[in-house]
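The structure appears right after this line, and notes come after that.
The values are calculated or read from the model by the stated rules, or taken from the named source; none is laboratory data. What you see is a predicted model; the values in this text were computed from it and never measured. Neighbour counts run over all protein chains shown; Cβ positions are idealised from the backbone, glycine included. The accessibility values were calculated without ligands, DNA or RNA, using every heavy atom of the protein model including side chains. Shrake-Rupley method; radii C 1.70, N 1.55, O 1.52, S 1.80 Å.
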Amino acid sequence: MKLNNIKGVFLDWAGTTVDYGCFAPIQCFMKVFKDEGIDVFVEEARQPMGLKKRDHIIEMLKIDRINNLWNKHFGRQWNEDDINRMYKRFEEDILLILHNYAEPIKGAIELTNILRENNIAIGSTSGYTKSMMDIVASNAKDKGYYPDYIVAADEVKAGRPYPYMIYKNAENLSIYPLNKCVKIGDTISDIKEGVNGGLITIGIIKGGSELGLREEEVKSLSKEDLTRRMDIVRDKFLKAGASYVADSLEDVKDILYNIDKILGISTTEERKLLFTPGPLSTSEGVKKVMDYDYCTWDDEYKNLTEKIRASIVNIATKNTKEYTTVLLQGSGTYSVEGTLSTVVPKGKTLLICSNGAYGERMIEICEAESIAYIAYKEEYKNPLSIETISEIIDKNKDIYALAMIHCETTTGMLNPVKEVGEITKKHNILFIVDAMSSFGGIPMDISDFNIDFLISSSNKCIEGVPGFGFIVCKRSEIERCKNNKRTLSLDIYDQWRVMEDTKGKWRFTSPTHVVTAFYKALKELEDEGGVEERYKRYSKNQKLLAESLKEIGINSIIDKTVQSPIITTFIYPNNINLSFNEFYKKLKERGFIIYPGKLTKENTFRVGNIGKIYEWDIRNLSLCIKEILS
Ligand SMILES: *Cc1c(COP(=O)(O)O)cnc(C)c1O
């Protein structure tokens, strides 16, 4: 694979490319303090790592415990003379041992080879001074590791976290812009140096100072212990602003390929990732099957329809005998309209529980189809109240059916389907759930929730393309709809009857390409490990997204306890000088499509994470959002 877009890479030295675990400076710092009569812990010696070594000594002296020990021992505060004396000692000590700490870390030479093959400049920065660096660099070169340029901490006005060493590298290597360059290091001050310089920044865990373990120690730790420690370091890096965290230097090349791809996405012809709740990003496989044409009356095609119907019921419930499904052409709303108008007979009343735009759409449908209804409207940001629903049902004895949304895509809120299902069962009321944006992405058994009609569509969590909806329903209940006809093409009873009687024929022309793509998508859902595994992926990605944006002060609008793993609504920051439209356009230029908000009062935007979207994509999106908004 070729790297086309990264302009330069800046590597740290000790703990990143040489001296696994970054032990040379540690022992010298500890010795210098010991010689003064003060015993310091390894953790204390590590804490400021990455800084210029004189600054490092000052930061250690500032640690409360050390400061107190000093005052007790000397009966006075430490001063400039002390720092000079200690630093002089440090310098003498480390110069004597540095030649032993220049062994390249695994992956360092391979990485520079890849960079050179791709004509990417390799700069380097360090907390060491020039005299220290000379020793390390010449020994490392003998062992095969050498960057194109080296800047030491005392060759610029100020060391890390200032980005001046990077600037000096860039000038001498003639590389720019820095937002197309990558900084790689193993300490918090490395990350800050990269962030302050406006670079894409990668933190390295294994071999680095933050983890602070020798190679043998990393190997001998239990898996749980190592994972726990690595998670702590990863967290610190991300909090310090790292764009990426690599387990080890060997993992960096994959990240670079990924960064390169993102940097390269700039024109409209290229692939866009849809962070929207459907249509969404689909797999190559799903797109491929649409290259072929199919006819609708053929047995093979009818068979496909039957297989899809069986799969949907299997996903919906263990109680497959009692449930059946019907597929209906059109977008999801057609299926909602088809369901409401087929299920609620003339003269009967529907209770609609709404806290968002999709609940309100049900009201619009009732108005258009002359279906008698009562609406319980809750504020968009509020969960539906079980008490209120109970009260309404108690007061209105003629309610025949209740309809609500599972995941209200307007806000991303998950509504209490289980609790409402208990009420409808108790009162013998039909229960209709629009689970459009959640079916296939959130595990549930509709039989356990007493759902009589559940509606979803081809382009949501099953990850197919748009073109039809489907209704999973109790066989006994759809049979009761026989004489309810209000509409022809949306009549779900007729549609179901024909599919049943003909074993898979759609009443009118079916969206053949969409259907075959959906069949493929179902197979891929199975390959992923079913709804449970998909739910895990969505949940992890949603959390990652919310946490990354929170770090830059962008908060989601609803409480975590009711947040779905499907889509998140964020409050658009009002302290920046960039309209949402410009923000949207800039993200689109980089290949990311997000979703405008739908709330009337607040300025919001939405990010969906269903579809073929993985951890990298979320990280890249967060990175771009951070970059654009800062
Ligand atoms: C997507 C969606 C719909 C259907 O919208 P269409 O644009 O008609 O496909 C209905 N309800 C919810 C909750 C949805 O997320």
> Roughly speaking, what is the stretch gain from residue 598 to residue 239, that is 0.36 nm per residue apart minus the C-alpha to C-alpha distance, in nm to one decimal?
Replying inline: 126.2 nm
> If Lys and Arg each add +1 and Asp and Glu each add -1, what is the summed charge of the other residues whose beta carbon sits under 12 Å from the beta carbon of residue 346?
Replying inline: +2
> How do 34-46, 128-140, 185-197 rank on mean C-beta neighbours within 10 Å, highest first?
Replying inline: 185-197, 128-140, 34-46
> In whole Hz, what ³J(HN,Hα) sequence does region 594-611 give by Karplus (6.51, -1.76, 1.60; θ = phi - 60°), x for Gly and Pro?
Replying inline: 9, 10, x, x, 10, 7, 7, 8, 8, 7, 10, 9, 10, 10, x, 10, 8, x
> Out of every Cα-Cα pair in region 91-227, what percent are more than 21 Å apart?
Replying inline: 47
>> Suppose R0 equals 41 Å. What FRET efficiency, 1/(1 + (r/R0)^6) with r the Cβ-Cβ distance, do residue 489 and residue 540 give to the nearest 0.05?
In response: 0.50
>> On C-alpha positions alone, give me the angle between the axis of helix 108-117 and the longest principal axis of the chain, in degrees, nearest 10.
In response: 70
> Going highest first, how would you order 432-441, 95-104, 412-421 by mean Cβ packing within 10 Å?
Replying inline: 432-441, 412-421, 95-104
> Can you give the extra length, in nm with one decimal, that the chain gains between residue 134 and residue 27 once fully stretched, where that is 0.36 nm per residue apart less the Cα-Cα distance?
Replying inline: 36.5 nm
> With a ≥ b ≥ c the root eigenvalues of the C-alpha gyration tensor of region 261-368, is it rounded (a/c under 1.5), prolate (a/b larger than b/c) or oblate?
Replying inline: oblate
>> Considering only C-alpha atoms, what is the centroid distance from region 126-197 to region 293-354, in Å?
In response: 62
> If you look at just the Cα atoms of region 288-527, how large are its Rg and its Dmax in Å?
Replying inline: 17.1, 56
> Taking Cα centroids, how far is region 579-630 from region 1-75 in Å?
Replying inline: 39
> What number, in percent, do you get for the relative contact order of the chain if the mean sequence gap of Cα pairs under 8 Å and at least 6 apart is divided by its residue count?
Replying inline: 14
> In debye to the nearest 20, how big a dipole does the chain give about its Cα centre with +1 on each Lys and Arg Cβ and -1 on each Asp and Glu Cβ?
Replying inline: 860
>> Out of the total accessible area of region 1-121 (probe 1.4 Å, heavy atoms of protein only), what percent is carbon and sulfur?
In response: 50
> In what sequence, highest mean first, do 536-544, 161-169 appear when ranked by Cβ atoms within 10 angstrom?
Replying inline: 161-169, 536-544
> What's the carbon and sulfur percent of region 288-527's accessible surface, probe 1.4 angstrom, rounded to a whole number?
Replying inline: 48
>> Testing the spin-label approximation: label points 7 Å from Cα along Cα→Cβ at residue 346 and residue 257. State their distance in nm.
In response: 6.5
> Tell me, what is the per residue accessible area of region 557-630 in Å², probe radius 1.4 Å?
Replying inline: 46
> What FRET efficiency, computed as 1/(1 + (r/R0)^6) with R0 = 56 Å and r the Cβ-Cβ distance, is obtained for residue 216 and residue 387, rounded to the nearest 0.05?
Replying inline: 0.35
>> Starting from a Cα-only point model with no solvent, please compute log10 I(q)/I(0) by Debye for the chain at q = 0.05, 0.11 1/Å.
In response: -0.32, -1.02
> Considering only DSSP beta bridges with both partners in the chain, what is the antiparallel share in %, to the nearest 5?
Replying inline: 40
> Cα centroid distance between region 84-123 and region 444-506, in Å?
Replying inline: 66
>> Let me spell out the model: positive unit charges on the Cβ of Lys and Arg, negative unit charges on the Cβ of Asp and Glu, origin at the Cα centre of region 1-75. What dipole size does that give, in debye rounded to 20?
In response: 280
>> Expected output is a single nm value to one decimal: the length gained when fully extending between residue 476 and residue 225, i.e. 0.36 nm times separation in residues minus the C-alpha distance. What is it?
In response: 84.9 nm
> What angle do you read, to the nearest 10 degrees and between 0 and 90, between the alpha-carbon axis of helix 188-197 and the longest principal axis of the chain?
Replying inline: 80
> To the nearest 0.05, what FRET efficiency results for residue 560 and residue 630 with a Förster distance of 25 Å applied to their C-beta separation?
Replying inline: 0.50
> Where only protein heavy atoms count, and the probe is 1.4 Å, what is the accessible area per residue for region 24-100 in Å²?
Replying inline: 51
> Given a cut-off of 18 Å, what percent of all Cα-Cα pairs of region 310-420 lie beyond it?
Replying inline: 56
>> Net charge around residue 280, counting only other residues with Cβ within less than 9 Å of its Cβ (Lys, Arg = +1; Asp, Glu = -1)?
In response: +1
> Under a no-solvent Debye model with one identical scatterer per Cα of region 24-100, what's log10 I(q)/I(0) at q = 0.15, 0.18, 0.20, 0.26 Å⁻¹?
Replying inline: -0.45, -0.66, -0.81, -1.41
